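**Student:** Below is the structure I would like to discuss, written out as structure tokens.
Every read-out reported here was derived from the displayed coordinates using simple, explicitly stated rules and does not represent laboratory data. This one's a predicted model, so the numbers in the text were calculated from it and none came from an experiment. Cβ placement follows ideal geometry from the backbone for every residue including glycine, while neighbour counts extend to all protein chains displayed.
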Amino acid sequence: MIGKPVTGGYFVNRERELGRLLALVRGVEKGGSSNSVLIGLRRTGKTSILENLAIKLESNPRIVPMIINCYGLAAKSRFAKLLVDTAAACYVQKTGDKAYPERLAKAISERAKAVRDRVSEVKFSEFTVRFRDKQTDEDTLVEDALYYVESLATDKNVHFVVMLDEFQDIIRWGDDTLKRIRTVIQSQKKVCYVLAGSATTIMRNLVYDRRSPFYRQLVEIPVKKLSEETVKKFLKKRFATARIHPDSSQIGRIATYCGGYPDYVQRLGMELYLAAGQGGSINEERIDKAYEDMILSLDGEFENYFAALSPLEREILLALATGSIQPSQVAREVRKPIFNISKTLTTLMNYGIIERPMKAQYRIADPVFADWLNRRFKPMQEEG
């Protein structure tokens, strides 16, 4: 299963993380929930954990789960509107209260004069009026949106679990905005929050840096790469459902290519299934070809991701992909002062793009992305 969060039999070895999240958010019904944060590299399955949490909460009629992807949300006003719209939509979907949107429309048209006893509708109307007013401060819109979720929960006697994926894009708005968000969140009794992010250092600083507005306000749940044994067991099980039975060396080769990333396990498994067919066979040549096809299928995504980086960041990643691992080697490769290199290496680490396996040595965190860089640009470099 690729291109979307995985559930059911495709969801593997995240029972501990999911169990801890459930224990933390279920307390919202009794006023004892804790806000939490999922921290893990890209493609390690954080979004799948959120989706499975939402599924687990479906059986509780009093808890409304909602997921918002914050990736690329540059405008605070857009985030505020998305938060309000998603809360209303998820409430209606969960409760079947189809009359609620009609009452909202009436509240907006009458500016809530006739519905003062309906708190959530008044809040929605006030938010709509402020949203349309270009003079309204954007941080105020964010606060209004957060307050609306609480007022809707209070008015309708439900509770919300708000999951904000790729939260590092919200952190970029700065401490002033984060302080205002924290102030609202701390005051809420019927809403709890799960923040998830792939910029590992930035997300950990959010929790553990004394200067952070969220210092010691969140329970961290780390999301690590899958162990090699876990990947092997999963592959054997999934291939068996298609009557494909690779031997242990072939399973090991597939696991090595995937590097413990759930997304790549799914993608490479799919490529091999399509190549072998139901009841087919797998060999090393077919595995290598499937890996090449997987990298090719990711070309557009990797191209956009790489292009969004600064010129110096791109040069550093190319140097790392082609074998330079120490700052001095990278500096020579890109012909820049080592001070500039060290600063940019830190930035790339903060966003989880590179990692430091040992002192004074760096590598690209995602091995498949590193392979793509090597294959995409190394021939060009060698010709030059």
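**Student:** Note down the magnitude of the dipole of the range 8-222 about its Cα centre, charges +1 on Lys and Arg C-beta and -1 on Asp and Glu C-beta and zero elsewhere, to the nearest 20 debye.
**Tutor:** 240 debye
**Student:** May I pose another question? Relative contact order for the chain: what is it in percent, counting Cα pairs under 8 Å that are at least 6 residues apart?
**Tutor:** Reported as a whole number, the value is 18 percent.
**Student:** Looking at the chain only, what percent of DSSP beta bridges run antiparallel? Nearest 5 please. It would help to have the intermediate numbers written out before the result.
**Tutor:** Values: 3 of 23 bridges.
Percentage antiparallel, nearest 5: 15.
**Student:** Ok, one more. Just name one of Gly8, Thr154, Ser77: the one whose Cα is farthest towards the positive end of the charge dipole of the chain (beta-carbon charges, Lys/Arg +1, Asp/Glu -1).
**Tutor:** Thr154
**Student:** Something else about it: What is the gain in length, in nm to one decimal, between Asp209 and Leu312 on full extension, counting 0.36 nm per residue of separation less the C-alpha to C-alpha distance?
**Tutor:** Stretched fully, the Asp209-Leu312 segment lengthens by 34.3 nm.
**Student:** In whole angstrom, how far apart do the alpha carbon centroids of the range 1-63 and the range 65-90 sit?
**Tutor:** Comparing the Cα centres of the range 1-63 and the range 65-90, I get a distance of 19 Å.
**Student:** Moving on to the next point. Among Thr44, Tyr362, Ser297, pick out the residue whose Cα is farthest towards the positive end of the charge dipole of the chain, where Lys and Arg carry +1 and Asp and Glu carry -1 on C-beta, about the Cα centre.
**Tutor:** The residue sitting farthest along the positive end of the dipole is Thr44.
**Student:** Starting from 0.36 nm per residue, how many nanometres of slack lie between Gln186 and Ser59 once their C-alpha separation is accounted for?
**Tutor:** 43.0 nm
**Student:** How many angstrom lie between the C-alpha centres of the range 257-323 and the range 114-188?
**Tutor:** After rounding, the separation between the Cα centres reads 40 Å.
**Student:** For Lys76, give me every one of the aspartates and glutamates with a C-alpha distance below 16 angstrom, ignoring sequence neighbours fewer than eight places off in its own chain.
**Tutor:** Reachable aspartates and glutamates: Asp85, Asp133, Asp137, Glu138, Asp139, Glu143, Asp144, Asp165, Glu166, Asp169, Asp175, Asp176.
**Student:** Which residue, Asp144, Asp299, Asp97, has the most motion in a Gaussian network model of the chain that connects Cα atoms within less than 10 Å?
**Tutor:** Looking only at Asp144, Asp299, Asp97, the largest GNM fluctuation is found for Asp97.
**Student:** Follow-up. Could you work out how far apart the two model spin labels at Asn13 and Ala105 are, taking each label as a point 7 Å from the Cα in the direction of the beta carbon, and quote it in nm?
**Tutor:** 5.1 nm
**Student:** Label-point separation (nm) for Phe339 and Lys237, each offset 7 Å from Cα along Cα-to-Cβ?
**Tutor:** My value for the distance between the label points is 5.4 nm.
**Student:** Another one. Could you grab the relative contact order for the range 228-297? Cα pairs under 8 Å, six or more apart, rounded to a whole percent.
**Tutor:** Once normalised by length, the contact order is 36 percent.
**Student:** For Val129 paired with Glu301, estimate the spin-label separation in nm (one decimal), with each label point 7 Å from Cα along the Cα-to-Cβ line.
**Tutor:** Reported label-point gap for Val129 and Glu301 is 4.6 nm.
**Student:** Among rounded, prolate and oblate, which fits the range 8-222 when a ≥ b ≥ c are the square roots of the eigenvalues of its C-alpha gyration tensor, a/c under 1.5 means rounded, and a/b larger than b/c means prolate?
**Tutor:** Details: a/c = 1.94, a/b = 1.33, b/c = 1.45.
Here the range 8-222 falls in the oblate category.
**Student:** What shape does the range 228-297 take by its C-alpha gyration tensor, where a ≥ b ≥ c are the square roots of the eigenvalues and a/c under 1.5 counts as rounded, a/b above b/c as prolate, and the rest as oblate?
**Tutor:** rounded
**Student:** Sticking with this structure for a sec: Calculated from DSSP H runs of 4 or more alone, at -39500 (n - 2.57) each and per residue, what is the 222 nm mean residue ellipticity of the chain, nearest 500?
**Tutor:** Using -39500 (n - 2.57) per qualifying helix, the result is -18500 deg cm²/dmol.
**Student:** Under the 0.36 nm per residue contour assumption, what length would be gained going from the current alpha-carbon distance of Leu82 and Glu220 to full extension? Don't skip to the end; give the middle numbers.
**Tutor:** Numbers: separation 138, 0.36 × 138 = 49.68 nm, distance 2.53 nm.
Extra length available between Leu82 and Glu220 comes to 47.1 nm.
**Student:** Please label the shape of the range 309-383 as rounded, prolate or oblate, based on the square roots a ≥ b ≥ c of the eigenvalues of the alpha-carbon gyration tensor (a/c under 1.5 means rounded; beyond that, a/b larger than b/c means prolate, else oblate).
**Tutor:** It comes out oblate by the Cα gyration axes.
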